[in-house]
1. As an exercise: evaluate A:Ser94 against (1) within 14 Å of chain B (Cβ to nearest Cβ); (2) modelled with pLDDT of 95 or more; (3) not in a helix (DSSP H, G or I) and give the number of the one condition it does not meet.
2. Of A:Leu113, A:Leu82, A:Leu117, which residue is farther than 22 Å from B:Tyr29 by Cα, touching a residue at least 24 places away in the same chain (Cβ under 8 Å) and away from DNA strand D (no atom under 16 Å from the Cβ)?
3. Would you check which residues across segment B:51-74 are β-branched (Val, Ile, Thr) and touching a residue at least 40 places away in the same chain (Cβ under 8 Å) and list them?
4. Scan (1) in a helix (DSSP H, G or I); (2) surrounded by fewer than 19 Cβ atoms within 10 Å (Cβ to Cβ) for the single condition A:Lys99 breaks and write down its number.
5. Out of the residues in segment B:89-110 that are away from DNA strand C (no atom under 12 Å from the Cβ) and touching a residue at least 24 places away in the same chain (Cβ under 8 Å), which is farthest from A:Ile148 (Cα to Cα)?
6. Can you name the residue in segment A:105-126 that is among the hydroxyl-bearing types (Ser, Thr, Tyr) and assigned to a helix (DSSP H, G or I) and is also nearest to the other protein chains (Cβ to nearest Cβ) among such residues?
7. Which condition from (1) facing chain B (nearest Cβ under 8 Å); (2) closer than 23 Å to B:Glu146 by Cβ; (3) buried (at least 17 other Cβ atoms within 10 Å of the Cβ) is the one that A:Asn131 breaks?
8. With the requirement that a residue be of a type in the set (Gly, Ala, Ser), part of a helix (DSSP H, G or I) and within 29 Å of B:Glu88 (Cα to Cα), what does segment B:18-53 give you?
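The values are calculated or read from the model by the stated rules, or taken from the named source; none is laboratory data. In this text the structure is predicted, and so the values were computed from the model without any measurement. Virtual Cβ from ideal backbone geometry, glycine too; neighbours counted across all protein chains shown.
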Protein chains: 2
Amino acid sequence: MADLNNLISPFFLNEKEIRKVLELFFFSYRDFTSGPDKILEKLKFGRAHHRVIYFVGKKNNITIKELLIVLKITKQSLSRVLNQLVEEGYIIVSSGLDKRTKSLSLTEKGGKLELELSTIQVKKIKKVLNNFSEENINGFKKILYEMIDINNKKIFEQLND
Amino acid sequence: MADLNNLISPFFLNEKEIRKVLELFFFSYRDFTSGPDKILEKLKFGRAHHRVIYFVGKKNNITIKELLIVLKITKQSLSRVLNQLVEEGYIIVSSGLDKRTKSLSLTEKGGKLELELSTIQVKKIKKVLNNFSEENINGFKKILYEMIDINNKKIFEQLND
DNA sequence: TATTTAGGTCAGCCATATTGACTTAATTAT
DNA sequence: ATAATTAAGTCAATATGGCTGACCTAAATA
């Protein structure tokens, strides 16, 4: 039986074109993350460390729980990576007002690394987006946003309050 | 010293907005890949199996070497995953014209799984893109394409010849 | 005939994630 | 005041998906 969805789709939304989008997403994301990897490797860190540093830098005084919600990993997974970052002086831990919680921040060393890693990705995106119209850029951001699951959209918003 | 790049950037390309793009990319890609994971789990497969099935489905009679170039992993890594897929009847191997090479194709069972997995992602993308203009969609695809490293652009093109 | 290429295999290692069980200390609810 | 909940930590075992290095075979090419 013919797929009605295909019959009513314009050419730029047909199966073949959508599959190209799948592939573009795969290839572009892989290359997008490959830049920082080289720097991380020298420090014997991985992408997991990068994510922690990024989100601690983004939201100063973030708690363990908040970080876990953003990263969507278990506390056991976070623990290994976070302990390394604390031991090596990239992140500093203090107690929150609620003394059950911990408050995480980047040290100066951590801030420098965060900037170094992010700059690679920021520059890459800037270089690409420079050649597109404001309309295209806003469209790009909206499409990415709409691809986020409903619950995670809130998490993204809260990060950018 | 002030960053000249920032001074000449329009507001939609300032540091803060670019960092939002980083995060959008992270969140959207994570949710984009999460759909198939549930199905794969039942079969005791992972994302690596999905990728192999996807690209074998995409390019029938692909060789091991070609697959390695697309996936950018070592043959030792591919071997474990591929052998499982062959043993369990998802992929069939035959000899190429050049008898050193092997030619990989999906079996009927493999084709069914490929469709099941891809359909989840295709539907998601279709649903999102349906609410955007052709101009926005083409912009989206071009931006993703431009984020791919130069060498890998060729690989993407060859897949879609 | 020598070299290169495609593919395979064994072994060991590392990073990142998981589940489950259990603990401590602090805050909230009853 | 006590009970329940919450935030965080820890120990142990397991899975997945990568990696390097060393070697091997068979076929194609120089």
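1. (1)
2. Sole residue among the options that is farther than 22 Å from B:Tyr29 by Cα, touching a residue at least 24 places away in the same chain (Cβ under 8 Å) and away from DNA strand D (no atom under 16 Å from the Cβ): A:Leu113.
3. Applying the first criterion (β-branched (Val, Ile, Thr)) to segment B:51-74 yields B:52-53, B:56, B:62-64, B:69-70, B:73-74.
If the condition is that a residue be β-branched (Val, Ile, Thr) and touching a residue at least 40 places away in the same chain (Cβ under 8 Å), then B:Ile53, B:Val56, B:Ile62, B:Thr63, B:Ile64, B:Ile69, B:Val70 are the ones that fit.
4. Of the numbered conditions (1) in a helix (DSSP H, G or I); (2) surrounded by fewer than 19 Cβ atoms within 10 Å (Cβ to Cβ), the odd one out for A:Lys99 is (1).
5. Looking at residues that are away from DNA strand C (no atom under 12 Å from the Cβ) and touching a residue at least 24 places away in the same chain (Cβ under 8 Å), I get B:Ser105.
6. Residues of segment A:105-126 among the hydroxyl-bearing types (Ser, Thr, Tyr): A:105, A:107, A:118-119.
Retained after the next criterion (residues that are assigned to a helix (DSSP H, G or I)): A:118-119.
Numbers: A:Ser118: 7, A:Thr119: 10 Å.
Only one residue fits best here, namely A:Ser118.
7. (3)
8. Listed by number, the residues that qualify are B:Ser34, B:Gly35, B:Ala48.
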